[in-house]
Amino acid sequence: MIVDGSDPEVIERAAKLLAAGELVAFPTETVYGLAARADDDSAVGKIFAAKGRPADHPLIVHVADADGARVFASQVPPVAVRLVATFWPGPLTIIVPRAAGIAEAAAGGQSSIGLRCPAHPVARALLAAARRHGVPGLAAPSANRFGRISPTRAEHVTKEFRADLMVLDGGPCEIGIESSIVDCTRGHPVLLRPGLLTRAQIEAAAGEPLHDPDASAPRASGTLEAHYAPRAPLRLMPTAQLRSALDMLGGSNLRLAVYSRVSPVSTGPGLVHRTMPARAADAARELFSVLRAFDDEGVRLIWVEEPPADAEWEGVRDRLRRAAAS
Ligand code: TXA
Ligand code: MG
């Protein structure tokens, strides 16, 4: 059930549902989230059940501000303090040591916790209202079934879950891919998942270089290879390879979707082409809805031109690589 997230009465109703341990879907600037109160393990259990997500995969806890983070963290390391000061509210999640006795289920049993303060006005209103009802934070993964594409519009969410789930509509997500995740529990910051922020931006705020995850990094769905998958198999190809594949195709009648900056020379009746934007931010914003639209058209194959190798494209490259790995 889609409701208007800009209506204060709707926010109040949603906050009461959350306080009572129910689920509500809400918009953030990255993707839509499926929320439960983070301090109630049985409420959080409903998220895992609804998504079909394994219970040992940790969720991100959303808080109203940096003070809210202190409820869930036993300690906020200096590098995390600097990142929060620069990027909150915004598309950055920090992993910090978890306070004892809270959000055990949300953390998937780990001794650390992922925290994020989103910037979307509907998310902020919801977090503030929930806090007035005694809810210190909202555990919220992306509001999609496990392994599927994250939703960037309210309508995407209603397609994934029971019809009576309350979905706060906040319009299409501005950023379109999930937050950057930086693990601050290891002595040096580790980039677990790239988002729209570049490494250079994060390193400038952190005041130190980012490391890559090693084998001991926790296994988690946002970092699994086969993730973010459309139904149709997706192939990622270098520009030259895509060009020649398209040439060979001629006017054949494949149900094929192509997402590329180069345009197909010949378009057969079964070919759906979408132009990949020249700017990474524009591509990120539309990426998941383009993939969903290809699925909705019933294509059998999706061919995607590899994005530019520039730093700005790291988050988009990451999501496409995972989608291609399925
Ligand atoms: O943009 C986003 O981050 C969205 C919106 C809704 O805020 N949320 C999101 O949540 O992408 P989700 O559950 O789909 O991704 C959470 C990922 C996990 O899969 C894992 O990679 C990482 O965050 N994570 C969370 N807690 C962690 C922890 N304690 N240790 C390591 N990784 C953790
Ligand atoms: Mg997800």
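For this structure, a couple of remarks:
- Here residue 176 fulfils each of the conditions (1) touching a strand residue (DSSP E or B) at 6+ places or on another chain (Cβ under 9 Å); (2) within 13 Å of ligand 1 (Cβ to nearest atom); (3) modelled with pLDDT of 95 or more apart from (1).
- Residue identified as more than 22 Å from residue 171 (Cα to Cα), part of a helix (DSSP H, G or I) and touching a Cys at 6+ places or on another chain (Cβ under 7 Å) among 71, 79, 84: 79
- Qualifying residues in the stretch 132-145 (those that are within 22 Å of the chain's Cα centre (by Cα) and not in a loop (DSSP other than H, G, I, E, B)) - the one nearest to ligand 2 (Cβ to nearest atom): 142
- With respect to being at pLDDT 95 or above, within 14 Å of ligand 2 (Cβ to nearest atom) and either under 26 Å from residue 287 (Cβ atoms) or not charged (D, E, K, R) (or both), residue 123 falls outside the description.
- Scanning the stretch 62-91 for residues that are within 16 Å of ligand 2 (Cβ to nearest atom) and closer than 15 Å to residue 139 by Cα turns up just one, 62.
- Scope the stretch 287-309; condition more than 20 Å from residue 326 (Cβ to Cβ) and crowded, with 16+ Cβ neighbours inside 10 Å; matching residues: 308
- Hey, residue 23 touching a residue at least 60 places away in the same chain (Cβ under 8 Å), touching a Lys or Arg at 6+ places or on another chain (Cβ under 8 Å) and more than 25 Å from residue 203 (Cα to Cα) or not: yes
- Cβ-Cβ under 7 Å pairs, at least 6 apart or on other chains, the stretch 87-113 side more than 14 Å from residue 69 (Cβ to Cβ) and more than 11 Å from ligand 1 (Cβ to nearest atom), far side assigned to a helix (DSSP H, G or I) and modelled with pLDDT of 95 or more: 104/41; 105/41; 105/44; 105/45
- Restricting the first member to the stretch 165-189 and to residues that are over 12 Å from residue 32 (Cα atoms), and the second to residues that are of a type in the set (Lys, Arg) and within 16 Å of ligand 2 (Cβ to nearest atom), the beta-carbon pairs closer than 6 Å and six or more apart or on different chains are 181/193.
- Of all residues assigned to the stretch 31-44, at least one qualifies as being within 15 Å of residue 137 (Cα to Cα), charged (D, E, K, R), at pLDDT 95 or above and in a strand (DSSP E or B).
- Some residue of the stretch 72-92 being touching a Phe, Trp or Tyr at 6+ places or on another chain (Cβ under 8 Å), closer than 26 Å to residue 209 by Cα and at pLDDT 95 or above: no
- Take the conditions (1) out of contact with any His (no Cβ under 9 Å at 6 or more places or on another chain); (2) of a type outside the set (Val, Ile, Thr); (3) under 23 Å from residue 52 (Cβ atoms); residue 138 misses just one of them, which is (1).
- If the condition is being modelled with pLDDT under 95, surrounded by fewer than 17 Cβ atoms within 10 Å (Cβ to Cβ) and at positive phi, then the stretch 203-260 contributes only 250.
- If the condition is being hydrophobic (A, V, I, L, M, F, W, C) and surrounded by fewer than 20 Cβ atoms within 10 Å (Cβ to Cβ), then the stretch 51-66 contributes 55, 66.
- Residue in the stretch 146-163 that is more than 20 Å from the chain's Cα centre (by Cα), assigned to a loop (DSSP other than H, G, I, E, B), away from ligand 1 (no atom under 15 Å from the Cβ) and at pLDDT below 95 present: yes
- Meets criteria (charged (D, E, K, R) and farther than 20 Å from residue 105 by Cα) for residue 22: no
- Positions within the stretch 24-37 being more than 16 Å from ligand 2 (Cβ to nearest atom) and of a type outside the set (Val, Ile, Thr), in sequence order: 37
- Only a single item in (1) at pLDDT 95 or above; (2) more than 12 Å from ligand 1 (Cβ to nearest atom) is not met by residue 141, and it is number (2).
- For the stretch 181-190, the condition of being closer than 30 Å to residue 16 by Cα and touching a helix residue (DSSP H, G or I) at 6+ places or on another chain (Cβ under 8 Å) holds for at least one residue.
The values are calculated or read from the model by the stated rules, or taken from the named source; none is laboratory data. Treat the numbers as computed from the prediction; the structure is a model and nothing was measured. Note: ideal-geometry Cβ built from the backbone for every residue, glycine included; neighbour counts use all protein chains shown.
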